[in-house]
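The values are calculated or read from the model by the stated rules, or taken from the named source; none is laboratory data. Because the structure is predicted, anything quoted here is derived from the model rather than measured. Cβ: placed from backbone, ideal geometry, glycine included. Neighbour counts: every protein chain shown. The area values use the complete protein model at the heavy-atom level, side chains included, leaving out ligands, DNA and RNA. Shrake-Rupley method; radii C 1.70, N 1.55, O 1.52, S 1.80 Å.
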Amino acid sequence: MLLEQIINGITLGSIYAIIALGFTLVFGVLGIINMAHGEIFMVGAFVGVTTTGVLGWPLWLAFIAAIVVTSILGYLLERFTLRPLRGKKGVSHLAPLISTIGVSILLENLSHHIFGAGNKPFNTSFSEISINIGSITVYLVQIVIFVISILLMIGLTVWLSKTKAGKALRATADNLETASILGVDTKKIIILTVVVASAIGGIAGILVGMAFNSVSPQMGLSMGLKGLAIIILGGMGNVKGAMVGGLILGLSETMLVAYGDSGYRDAIAFIMIIVILLLRPQGIFGSKVSQERR
Amino acid sequence: ACGGGNTTTESNSNTGEDGVLSAKFGVISYLTGAGAAYGEAITNGLKLAQQDINALGEVNIELVIEDSAGKADQALNAAQKIMSDDSITAIIGPTLSTEFFAVAPEVDLNGIPILGTSTTVDGIPEIGDYVFRNAVPESLAIPAAIEKAVERTGATKVAMIYGNDDALTKGGFEVMERTAKEMGLEITTIETYQEGQSDYNAQLTKIKNTNPDLILASALYNEGAVIMDQARKMGIEIPFVGGNGFNSPQAIEIAGDAANGLIVATPYFGESSDPKIVEFNEKYEKEFGKKPDQFAAQAYDALFIYADALKRAGSSDREAFRESLAETKDLEGILGKFSFDEVGDVIMDVTVLEIKDGKFIEFE
Amino acid sequence: MVLELKKITKNFGGISALKDVSFSINKGEIFGLIGPNGAGKTTMFNMITNIYEPTSGEIIFNGENITALKPYKITEKGICRTYQNIRLFSQMSTLHNVMVGGHSQSQSGVFSSVFRTKAQRKEEQLLKEKAEELLDLVGLLEHKDTIAENLAYGQQRRLEIARALASNPSLLLLDEPAAGMNENETDSLYDLIKTVQSRGITVLIIEHDMPLVMKLCDRIAVLNFGEKLAEGTPDEIQNNEAVIEAYLGKEEDEVDA
Amino acid sequence: MLGEILNTYYLQIGSFILINIMLAISVYVPLSSGQLSLGSAGFMGVGAYTSALLTIHFDLPIFVGVIAGALAASILGVIVGIPSLRLSGVYLAIATLGLGEVIRVIFVNWDSLTKGSVGLTGIPQLGREILEFSRGLGFEPAMIGIRNNQFVFLSIFLVLLILVIAILWFVIRQQNSRVGRALQSINMDDRAAESMGINITHYKVVAFTQGAFFAGLAGALFAHVIGYISPADFSYHRAVEVLIFTVFGGSEVIIGSVFGAFFLTLMPEVLRFVSEFRYIIYGILLVVLMAVRPQGILDANLLKKFKFKRSKGGVR
Amino acid sequence: MLKLTNVETFYGQIQALKGIDLEVNEGKIITLLGANGAGKSTTMKTIAGLLKPKNGSVEFNGENVTGLRPDQLLRKGISLVPEGRAILTSMTVLENLEMGAYQRNDKDVRNDIEDVMQRFPILKERQTQMAGTLSGGQQQMLAIARALLSKPKLLLLDEPSMGLAPLIVADIFKIIKEINEAGTTVLLVEQNAKQALKIADYGYVMETGKIIIEGSAQSLLEDPRVVEAYLGRKSTS
Ligand SMILES: Nc1ncnc2c1ncn2[C@@H]1O[C@H](COP(=O)(O)OP(=O)(O)OP(=O)(O)O)[C@@H](O)[C@H]1O
Ligand SMILES: Nc1ncnc2c1ncn2[C@@H]1O[C@H](COP(=O)(O)OP(=O)(O)OP(=O)(O)O)[C@@H](O)[C@H]1O
Ligand SMILES: CC(C)C[C@H](N)C(=O)O
Ligand SMILES: [Mg+2]
Ligand SMILES: [Mg+2]
């Protein structure tokens, strides 16, 4: 059973990690917690349900559709809720928090109206494929999820630390004004970031739909909260932290259910962040930026 | 057809121009938010009943529908809004027991009759003299289902899973646990999940390892169907017994074949060949474009119960209405003969159903 | 002796910002701390006010070891500072900035504030009068209701001094107060610091403006790469070969002297 | 006359508005010292459960229960406030949000005490207690020409109104004082504030605890107004809703919290006629208004224009 | 090369520039003097595109560039070293320098980075240190070095000597002279008016958002109004 539970934990953890990556990217660059990220993820899942279920498209096309739709959503989010707040004098740092909450409420209720309340099945033959190793069954979806999460993490790490665009992104994150006088088209960089983060959310949405066969307008919330807990756990704006934090959370939730009291499953994420923050206020991988000099 | 036609008191002030006795009922329903599907079915059932009743021409009913969003405080606001209208005779709803617990004492205190059509948790009619329900409580339905399931499968070991952060599923679980213990079943493990969860693999893996014969799942159909789906994928093929919230055609829609083997007790059997039900199904589907569920059916009956009480009371006066309501006996509704017991709770037989080949059938 | 620094060492990871630096400051004097960029001057201020704790060494203030005291305790003891990069309460009025400076000089708490006890009202009045007097001193009285952020750079620097003075320090630490000021403004800064001194306050100043430092200071210590290079009167320092080499530069290097 | 004017529905909404104002202030006060606390739902729950359990099981008068509830919340506030000092900005926000979730999960799981998710029923209702009490003194609502249930809701409303006024008075007075300036300076630059001799630990904990107290108070009152509580009442949604009150109304000025709670509690009621779309409208409203007035609806400048400004310092 | 006509810039309601006319000729060093709050930094930010003027126009090499973004202006060759050393605190010293050459794609970037590090040896030594933990003066050097790497046609320097040790100040002025001789036009804001005028060709003096005096550097050095207001220090050591 332990092995099976570990596989369960890694699957869940990888999904958490992918969602957290989207949060971390936006936070890293804009210093904003995108409260609508969970709902963008949810939309991705619904695009999957609609394209594979209603329209009967093949899975790969569904992925592309989800990426396209969530990218567009990301663009709209940036254009209409984040950009108007940027560079204005006297903007409360809470304003983006609230307006992204507004977007999340909007998206949740819109999809409720469009798709109806409750769970929708995500039926693909792909999620039926499994491999038996000894006495345990591993589904191909589980492997795919794990591989995608690793690839995304490596890809993002390399992109951010090695490429010019990645550095420009970090410069923008550090100081928008400075980045712009150094020649960075910060507007473009920000759009790029939000769009990439949203697309990652869309991918996560399809993966969750495939893995758990449940898609509902409310799914964004609980996943979103977990994602938030993870980026705090791993350290804000830190790609490696998101990955490790996601896996830790996925595994500990699963182990809690397996060997402890499943009633506390939803609390474990937060108990962990409370404990970790008390030991390391900047998260596991977060770096302590010296504020004294600013 | 009972109580006799005594609505001839011409002088009654509630009588409209055409001499028909009329009354206004308030409805509090869960119309926005995660569980809006329940409220929608209920209001649909009520609207259909309203049409049918008014068409009969004996009484004329007006409905004032307010949304509660499934939240206790908003339900209370809705109730106050309804109650501030003095011409309201009685109230139907709210949808959830948690809302009902907040609303009913207040309504009771104001001397306004209130009827729960979907509130299945224990202790509802006991709130006060003006509080009634026609929903079949979990404490009645669940034992019936478990008994039948055990009887047929010969199960001795059961595993349990329930949503512990929801009043209904928690209440249902308590009934299940009690029943299982009374029946001397061995409980192999008790697992919980939380609202909105999508991954049940950890719990199911654990359940699978304890080798039960039966799974008692106190879950709303949303989560319940997904649990069954994941269980079947994992190779758990044993039957599930569910409670009130699990009993929905939606379960089949979500889980597909995986829903086969779900056993529930219900006052309403949609596939029944009973002509009343067939007719109701047809009318409902024509009007709202989808199949009714038990909540729609119970709501439909509820308004007939009100209409009947109104007729017998002969006036829309709250006091008179309450009295005749409490006396409701053997009223023939689509769900069968209906009576209230002395506290105002439902007296009714339930049918145990099973999903087989993607359909609810009677479980014998 | 007001302040005594004993063998202060500070390492940041691999970088050692201060190495065994010792010097002491006498009561009532203006003491200059100079040295090349990165020599460790600001770090020394951060040690004294315990923004960072020293890796080793002791800080003695009026005979008391204050090395590990919380920053606010140090202020209560009578040390207050200004920052190299201005750190005003930017959204607050000038007057309120200075009144916050007087925090340690007052004590009314939640209860007396809410009920406006007599003592509280009196204290508030005194605090305000004191703040206005200090604003007058630094020439900002007419701007007392201006939001700090909207002041020009030089004004902000003077406001920082007034705010620090409000805590009634016996030792005032100034980190490059003349940065960004032109010569006229620097001259009036000179007068201000002299006035401060005349009130019996000891001043420790970091500054790169050599004419100002030489004219103002009674004694000077020079840091270089975290170590003390020299200490002495302005005359001695100006003629110290090592200091000229490391910091001041030769005549032809166009030091404005 | 009076009996006709008093509409219990309006009084009920008015009461919820007042409770929400308390909650909004419970976010505002820590925020005025730079601490974004999303723990209000949790503290509210602690207040509600404490008071409900005490009054149900020990027959304590409601006002004792309410005070105990508020104190229990503030004790918890101190306990979590001290370690939370090391956290800033979003870290604190998420940690306190997490705290609220943990509290809720404890309520769900601590069955023997809280009856889990089923919740506590039969909590003594504030208005009815007052009615009984005044009857004991020989007073009957009919004497002033109103019905019993009108009296019940009127008395609740008045009690809450008095409390809200007292809280506002407290917070405003505190703000225009040495304590308030200390909190503001910590908000603007805590390092510099500490260098000015302000014990930031002390003041941050004071503000955090006051927030917890107000939330606990609101929670306890909520329990005795609604008469039934369950863990679902203190979920993430509540925390977010309260934060929105404060920020939407304008987090710079306390009047913003009052306005935000007022407006946003009223809105779903006003929008009942489009009930299916009201949350969609709500979402759009948040986005649009934040884009137009990112500092919230009310801010210091706007107040100045409206000449709300009081002689000394204004209502900041 | 650069021409400002009647530029007016606002901070919200506050008008910081009240109609600035200013011209910078190719290959020259122009200096902008003025008391605190006169509007010098505002002028620089307006030229660099960080602030958008409400009225008036900015022309660069005959082209109207009013209202362009900073990155677009950099592409045209205008680079700003802002007041208060806006470095990227969470990036390393080396990354800061690399960002200086962000818009360049030529192969010389590596070499040029080596070159500027030669000029400011401390930067070489601290390559991998987070820029935010540098001392004030070190940050200032980094900001200047970084701007050089963009190889601008017009370099805007806002108080480059602020917070620098005397030796380094002297160095900085030398460097300004050098890069100017190598073909870069410089617009310099300095509190150190005497030294600025010594290396400049032409100067403007601002007061409360307006230009009140202009003339050749030499004439300004001798202008009694300038002497009195900005060079008036009687004191030498
Ligand atoms: N938090 C830190 N982490 C790493 N190194 C640091 C940190 N703070 C300061 N340093 C280093 O310590 C040295 C001393 O810095 P400090 O700020 O004290 O210099 P300073 O003498 O004030 O210089 P300046 O005149 O330029 O302001 C510098 O080399 C700086 O890079
Ligand atoms: N962000 C801002 N918001 C509002 N007003 C500002 C802002 N920045 C500057 N000002 C005002 O604009 C005017 C010009 O400021 P600017 O910074 O351009 O002056 P400066 O000549 O560069 O002064 P300094 O020598 O102090 O750097 C000043 O009155 C200042 O108070
Ligand atoms: C609509 C139903 C799921 C409501 C549930 N039976 C309750 O009592 O809360
Ligand atoms: Mg320094
Ligand atoms: Mg300037």
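Within the range B:336-364, residues that are closer than 30 Å to B:GLY128 by Cβ reach partners that are part of a loop (DSSP other than H, G, I, E, B) and among the β-branched types (Val, Ile, Thr) with beta carbons closer than 7 Å, at six or more positions or on different chains, in the pairs B:PHE338/B:THR328; B:SER339/B:THR328; B:PHE340/B:THR328; B:VAL346/B:VAL136; B:MET348/B:VAL136; B:VAL350/B:VAL136.
Quick one: which residue in B:THR95, B:THR156, B:THR117 is under 30 Å from D:LEU264 (Cα atoms), polar (S, T, N, Q), in contact with a strand residue (DSSP E or B) (Cβ under 9 Å, 6 or more places away or on another chain) and away from ligand 2 (no atom under 16 Å from the Cβ)? Testing whether each residue is under 30 Å from D:LEU264 (Cα atoms), polar (S, T, N, Q), in contact with a strand residue (DSSP E or B) (Cβ under 9 Å, 6 or more places away or on another chain) and away from ligand 2 (no atom under 16 Å from the Cβ) leaves just B:THR95.
Scanning the range B:87-138 for residues that are open to solvent by less than 10 Å² (accessible area, probe 1.4 Å) and at positive phi returns a single hit, B:GLY93.
The set of residues from the range E:162-203 being within 16 Å of ligand 1 (Cβ to nearest atom) and in a helix (DSSP H, G or I) comprises E:PRO166, E:LEU167, E:ILE168, E:VAL169, E:ALA170, E:ASP171, E:ILE172.
Counting only residues that are open to solvent by 10 Å² or more (accessible area, probe 1.4 Å) and under 18 Å from A:GLY74 (Cα atoms), how many does the range A:157-172 have?
Summing the residues that are open to solvent by 10 Å² or more (accessible area, probe 1.4 Å) and under 18 Å from A:GLY74 (Cα atoms) in the range A:157-172 gives 0.
Looking at the range B:45-162, the strands (runs of 3 or more DSSP E) lying wholly inside it that each contain 3 or more residues that are hydrophobic (A, V, I, L, M, F, W, C) sit at B:59-67, B:88-92. A single entry from A:GLY241, A:GLY237 fulfils the requirement of being within 19 Å of the chain's Cα centre (by Cα), more than 22 Å from B:THR169 (Cβ to Cβ) and either open to solvent by 10 Å² or more (accessible area, probe 1.4 Å) or within 11 Å of another protein chain (Cβ to nearest Cβ) (or both): A:GLY237. D:LEU99: under 25 Å from D:ASN7 (Cα atoms) and either open to solvent by 20 Å² or more (accessible area, probe 1.4 Å) or modelled with pLDDT of 90 or more (or both), yes or no? When the stated conditions are applied, D:LEU99 does not pass them. Here the range E:145-182 is the region considered, the condition is being touching a Pro at 6+ places or on another chain (Cβ under 6 Å) and more than 16 Å from ligand 5 (Cβ to nearest atom), and the residue that is farthest from the other protein chains (Cβ to nearest Cβ) is E:ILE172. Residues in the range C:49-72: is at least one more than 16 Å from ligand 5 (Cβ to nearest atom), open to solvent by 10 Å² or more (accessible area, probe 1.4 Å), touching a His at 6+ places or on another chain (Cβ under 9 Å) and hydroxyl-bearing (Ser, Thr, Tyr)? Yes. You will find that of D:TYR91, D:TYR49, the residue that is free of Cβ contacts under 8 Å to residues at least 40 places away in the same chain, over 24 Å from D:PHE263 (Cβ atoms) and among the hydroxyl-bearing types (Ser, Thr, Tyr) is D:TYR91 and no other. Of all the residues that make up the range C:77-89, how many are open to solvent by less than 30 Å² (accessible area, probe 1.4 Å) and in a loop (DSSP other than H, G, I, E, B)? Counting residues in the range C:77-89 that are open to solvent by less than 30 Å² (accessible area, probe 1.4 Å) and in a loop (DSSP other than H, G, I, E, B) gives 7. Kindly evaluate E:SER216 against the criterion of being farther than 22 Å from E:VAL116 by Cβ, without any contact (Cβ under 8 Å) to a residue 24 or more places away in the chain, among the hydroxyl-bearing types (Ser, Thr, Tyr) and away from ligand 3 (no atom under 16 Å from the Cβ). Here the answer is yes, as E:SER216 does meet what is asked.
Among the listed residues E:GLU8, E:GLU26, E:GLU63, E:GLU59, which satisfies the condition of being more than 16 Å from ligand 5 (Cβ to nearest atom), without any contact (Cβ under 8 Å) to a residue 24 or more places away in the chain and not hydrophobic (A, V, I, L, M, F, W, C)?
Going through E:GLU8, E:GLU26, E:GLU63, E:GLU59 in turn, just one is more than 16 Å from ligand 5 (Cβ to nearest atom), without any contact (Cβ under 8 Å) to a residue 24 or more places away in the chain and not hydrophobic (A, V, I, L, M, F, W, C): E:GLU63.
The condition (being touching a Leu at 6+ places or on another chain (Cβ under 9 Å), crowded, with 19+ Cβ neighbours inside 10 Å and away from chain C (no Cβ under 14 Å)) is satisfied by just one residue among E:LEU187, E:LEU197, E:LEU142: E:LEU187. Scanning the range C:185-192 for residues that are open to solvent by 10 Å² or more (accessible area, probe 1.4 Å) and within 16 Å of ligand 1 (Cβ to nearest atom) turns up nothing. In this entry, E:VAL81 is excluded by the filter for residues that are over 28 Å from C:THR186 (Cβ atoms) and crowded, with 19+ Cβ neighbours inside 10 Å.
Looking for something of a type in the set (Gly, Ala, Ser), touching a residue at least 60 places away in the same chain (Cβ under 8 Å) and crowded, with 20+ Cβ neighbours inside 10 Å - is there at least one such residue anywhere in the range A:259-274? No.
Pairs meeting the criteria (first residue in the range C:177-205 and at positive phi, second residue open to solvent by 30 Å² or more (accessible area, probe 1.4 Å) and part of a helix (DSSP H, G or I), beta carbons under 7 Å, at least 6 apart or on different chains) are C:GLY180/C:TYR153. How many residues does the range D:229-276 contain that are among the aromatic types (Phe, Trp, Tyr) and facing another protein chain (nearest Cβ under 8 Å)? Residues in the range D:229-276 being among the aromatic types (Phe, Trp, Tyr) and facing another protein chain (nearest Cβ under 8 Å): 2 in total. For the range B:168-184, a residue qualifies if it is small (Gly, Ala, Ser), open to solvent by less than 10 Å² (accessible area, probe 1.4 Å) and over 14 Å from B:LEU214 (Cβ atoms), and exactly one does: B:GLY172. Could you grab me the full set of residues in the range D:111-138 that are outside any helix (DSSP H, G or I), open to solvent by less than 60 Å² (accessible area, probe 1.4 Å) and touching a helix residue (DSSP H, G or I) at 6+ places or on another chain (Cβ under 9 Å)? Selection gives D:GLY119, D:LEU120, D:THR121, D:ILE123, D:PRO124, D:GLN125. Going by the structure shown, is B:ILE187 closer than 25 Å to B:ASP122 by Cα, open to solvent by 30 Å² or more (accessible area, probe 1.4 Å) and either hydrophobic (A, V, I, L, M, F, W, C) or at pLDDT 95 or above (or both)? Yes; evaluated as a whole, the condition is true for this residue.
Inspect the range A:245-267 for any residue being more than 9 Å from every other protein chain (Cβ to nearest Cβ) and among the charged types (D, E, K, R) and give the result as yes or no. No: zero hits.
Scanning the range E:99-142 for residues that are farther than 21 Å from E:GLY84 by Cβ and basic (Lys, Arg) returns E:ARG104, E:LYS107, E:ARG110, E:ARG119, E:LYS124. Are any residues in the range C:174-185 within 16 Å of ligand 5 (Cβ to nearest atom) and under 16 Å from the mean Cα position of the chain (by Cα), and if so, which ones? Result: C:GLU176, C:ALA178, C:ALA179.
Checking the conditions here, which among C:LYS228, C:LYS215 is at pLDDT 90 or above and either among the acidic types (Asp, Glu) or more than 16 Å from ligand 1 (Cβ to nearest atom) (or both)?
Working: C:LYS228 fails: either among the acidic types (Asp, Glu) or more than 16 Å from ligand 1 (Cβ to nearest atom) (or both).
Selected residue: C:LYS215, the only one of C:LYS228, C:LYS215 that is at pLDDT 90 or above and either among the acidic types (Asp, Glu) or more than 16 Å from ligand 1 (Cβ to nearest atom) (or both).
Screening the range C:101-122 for residues that are open to solvent by less than 30 Å² (accessible area, probe 1.4 Å) and not small (Gly, Ala, Ser) and picking the one that is nearest to C:PHE89 (Cα to Cα) gives C:HIS103.
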